[in-house]
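Peer 1: I'd like to ask some things about the structure below.
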Amino acid sequence: MARILVVDDEMGIRELLSEILRDEGHDVTLAENAAAARTARLAARPDLVLLDIWMPDTDGITLLKEWASGGQLTMPVIMMSGHGTIDSAVEATRIGALDFLEKPIALAKLLSSVKRALIRSAPAEQRPAAPSLAGVTRGGALRDLRRRLEQMASRSRIIMLRCGPSSFAELAARTLAVPGRRWIELAGIPGAITQEQLDAARGGVIHAGDIATLSRMQQKNLAFAVDRLERLDARLVASCAQAPAELQAAGWDDAVLSRLFDVVLPLPTLAELRDEIADLADDVLKHMADAGEIPSRALAESARPLLRQHPWPGGYGELVSALRSAALATLDDDLDASALRALLRPAGNAALPGLNQPLRDAREAFERLYFEHHMEREGGNMTRLAERSGLERTHLYRKLKQLGLPVGRRTEHQD
């Protein structure tokens with residue numbers, strides 16, 4: 001497992017953290033102050049440091065600055081404090097700390113932060129694979145999309161994904177990632193790209209992301225990379241919602257745009273993938289759990305119709321955000337409809353289902369709106385809801401379960 005350095009001037013805290021982390025299989029070194037931490041850092045070469053802010057000789061923020069300025073911040077650092085403030089957390093993060101734990105430290109929070117830090121600092125080949133469409137084997141639009149991507153990539157080194165904002169363009173692009181080869185994020189390089197950085201992408205994929213958001217320097221980097229794809233045996237995947245004419249008006253080079261938009265693949269919206277939303281959510285939850293971002297969670301059956309019927313105005317970003325928030329908030333192992341409903345409820349009055357939906361989806365969406373409205377009006381009373389809807393109780397319970405709605409079991413004679 002990992003080598004972890006714990007720096008804290010309180011013996012009880014050091015011993016408690018040491019016991020917990022050793023039980024998890026980690027090799028733990030202890031330091032009672034900044035002077036001991038400097039020595040231990042050089043001797044132990046830790047994979048992770050848990051660093052207290054308030055110490056008698058040199059405080060943790062100052063020590064963090066010292067390591068950062070001296071080129072010694074080569075490992076992730078998690079700050080700890082019993083008197084933490086938002087300012088301290090922001091300052092530590094700005095300097096280079098990965099996380100901030102407030103004492104008394106909850107066991108689950110400690111282990112989650114440690115796991116996340118070690119995953120992020122691990123070599124790329126040891127990190128959990130980013131979500132993609134590569135594992136999609138079930139029949140449907142996503143599998144067909146994966147096959148189209150692979151077919152196009154076999155004939156072209158550049159693929160432009162046409163999509164709207166908050167699409168799953170990166171998810172699609174990750175499908176072309178080559179095991180054991182580098183994935184280069186072009187948008188993550190603020191300055192001029194070097195030949196050495198490009199050489200690292202040999203045989204791999206250069207991901208440009210949404211090209212409409214690239215700076216002038218990054219546009220030049222993109223043009224530089226495009227000219228060298230053949231020599232590098234690499235592929236470039238980009239995305240954009242705008243037409244070439246709009247980018248040309250914004251100052252893009254015509255020759256570069258011509259090459260970028262030579263092979264284009266339109267992506268469906270999330271709302272057009274209703275029957276596969278739940279399967280996509282399963283994959284997202286697994287990836288976030290593997291990456292240490294959330295506890296392990298599974299999608300309950302009651303949540304699946306809710307995901308299918310939601311219109312997803314925020315696209316893929318809305319799906320990921322809702323799943324992450326629900327997974328962190330719920331106390332259960334399963335994410336049911338109740339854990340997601342409030343996160344997916346549209347602001348203001350609910351709109352009627354869109355007429356461009358398939359009949360089945362429009363009918364289910366209307367039924368959901370209908371029963372949500374009357375359940376709220378009747379306070380969850382099943383007797384009054386059965387009378388209001390004209391359904392027999394057994395049929396009503398079955399219908400609510402099918403729609404993923406909670407079944408209230410109040411008294412038959414509740415006022």
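Peer 1: Return the distance in nm (one decimal) between the two label points of a simple spin-label model at Ala108 and Asp290, each offset 7 Å from Cα along Cα→Cβ.
Peer 2: Going from the Ala108 label point to the Asp290 one covers 2.3 nm.
Peer 1: Dipole size in debye (nearest 20) for region 164-224 around its Cα centre, Lys and Arg Cβ +1, Asp and Glu Cβ -1?
Peer 2: Details: 6 positive and 5 negative charges, 20 e Å.
Dipole size: approximately 100 debye.
Peer 1: Another one. Using a 1.4 Å probe on the protein chains only, how many percent of the accessible area of region 124-253 belongs to carbon and sulfur?
Peer 2: Details: 3110 of 6600 Å².
Here carbon and sulfur together make up 47 percent of the probe-accessible area.
Peer 1: Between Ala329 and Glu19, what is the label-point separation in nm under the 7 Å Cα-to-beta-carbon projection?
Peer 2: Placing both labels 7 Å beyond Cα along the Cβ direction yields 3.5 nm.
Peer 1: Follow-up question, since we're still on this one. Kindly state, to the nearest 0.05, the FRET efficiency for Ala212 paired with Thr62, given R0 = 51 Å and r defined as their beta-carbon distance. Numbers along the way, then the final one.
Peer 2: Working: r = 42 Å, r/R0 = 0.83.
The calculated FRET efficiency here is 0.75.
Peer 1: Accessible area per residue, 1.4 Å probe, Å², for region 13-112: what's the number?
Peer 2: Values: 4920 Å² over 100 residues.
Spelled out: the 1.4 Å probe surface of region 13-112, per residue, equals 49 Å².
Peer 1: Sequence-distant or interchain residues sharing an amide H contact under 5 Å with Asp57, placed H: which?
Peer 2: Ala34
Peer 1: Taking H as built 1.01 Å from N, whose amide H comes closer than 5 Å to the amide H of Met80, not counting residues under 5 places away?
Peer 2: Excluding prolines and chain starts, which carry no amide H, the hits are Leu51, Asp52, Ile53, Leu101.
Peer 1: Taking only protein heavy atoms and a 1.4 Å probe, what accessible area per residue, in Å², does region 191-301 have with all protein chains in place?
Peer 2: Values: 4990 Å² over 111 residues.
Accessible area per residue, region 191-301: 45 Å².
Peer 1: Could you please put His207, His395, His373 in sequence from largest to smallest accessible area, using a 1.4 Å probe?
Peer 2: His373, His395, His207
Peer 1: When a/c reaches 1.5 or more, the comparison of a/b and b/c decides; with that in mind, is region 1-116 rounded, prolate or oblate per its Cα gyration tensor? Walk me through the numbers before you get to the answer.
Peer 2: Working: a/c = 1.34, a/b = 1.13, b/c = 1.19.
Rounded is the answer for region 1-116, as its axis ratio a/c remains below 1.5.
Peer 1: First compute the accessible area of region 285-336 with a 1.4 Å probe, then give the percent of it belonging to carbon and sulfur atoms.
Peer 2: Summing carbon and sulfur atoms, their accessible area is 53 percent of the total for region 285-336.
Peer 1: Tell me, what is the percent relative contact order of the chain, built from C-alpha pairs under 8 Å that lie six or more residues apart? Walk me through the intermediate numbers first.
Peer 2: Values: 601 pairs, mean separation 43.8, N = 415.
About 11 percent, as a whole number.
Peer 1: Ranked from highest to lowest mean number of other Cβ atoms within 10 Å per residue, what is the order of the peptides 71-81, 247-257? Walk me through the numbers before you get to the answer.
Peer 2: Values: 71-81: 18.5, 247-257: 13.7.
The peptides rank, most packed first, as 71-81, 247-257.
Peer 1: So, one more: Among Ala31, Ala225, Ala177, whose mean-square fluctuation peaks in a Gaussian network model of the chain (Cα, cutoff 10 Å)?
Peer 2: Result: Ala31 has the largest fluctuation of those listed.
Peer 1: Which of rounded, prolate, oblate describes region 225-288, given a ≥ b ≥ c as roots of the alpha-carbon gyration tensor eigenvalues and a/c under 1.5 marking rounded, otherwise prolate only if a/b is larger than b/c? Mind dumping the intermediate values first?
Peer 2: Working: a/c = 3.25, a/b = 1.71, b/c = 1.90.
Cα axes put region 225-288 in the oblate bin.
Peer 1: Would you mind computing, in nm to one decimal, how far apart the modelled labels at Lys399 and Glu230 are, each placed 7 Å from Cα along Cα→Cβ?
Peer 2: Label at Lys399, label at Glu230, 6.5 nm between them.
Peer 1: Work out the length of the dipole vector of the chain about its Cα centre, built from +1 on the beta-carbon of each Lys and Arg and -1 on the beta-carbon of each Asp and Glu, and round it to the nearest 20 debye.
Peer 2: Values: 52 positive and 57 negative charges, 284 e Å.
It comes to approximately 1360 debye.
Peer 1: Looking only at Gln309, Gln195, Gln402, which one moves most when the chain is put into a Gaussian network model with springs between Cα atoms under 10 Å?
Peer 2: Fluctuation is largest for Gln195.
Peer 1: Tell me whether the chain comes out rounded, prolate or oblate; compute the Cα gyration tensor, take square roots of the eigenvalues as a ≥ b ≥ c, and use a/c under 1.5 as the rounded threshold.
Peer 2: Working: a/c = 2.42, a/b = 1.17, b/c = 2.06.
Oblate, because a/c is 1.5 or more while a/b does not exceed b/c.
Peer 1: Beta carbons within 10 angstrom, averaged per residue: use that to sort the peptides 108-115, 299-306, highest first. Before the final figure, lay out the partial values.
Peer 2: Values: 108-115: 16.9, 299-306: 19.8.
Listed from highest to lowest mean packing, they are 299-306, 108-115.
The values are calculated or read from the model by the stated rules, or taken from the named source; none is laboratory data. As the structure is a computational prediction, the values presented were derived from the model and not from experiment. Methodologically, a virtual Cβ is constructed for each residue, glycine included, from the backbone with ideal geometry; neighbour enumeration extends over all protein chains shown. Surface areas here come from the heavy atoms of the whole protein model, side chains and all, with no ligands, DNA or RNA. Shrake-Rupley method; radii C 1.70, N 1.55, O 1.52, S 1.80 Å.
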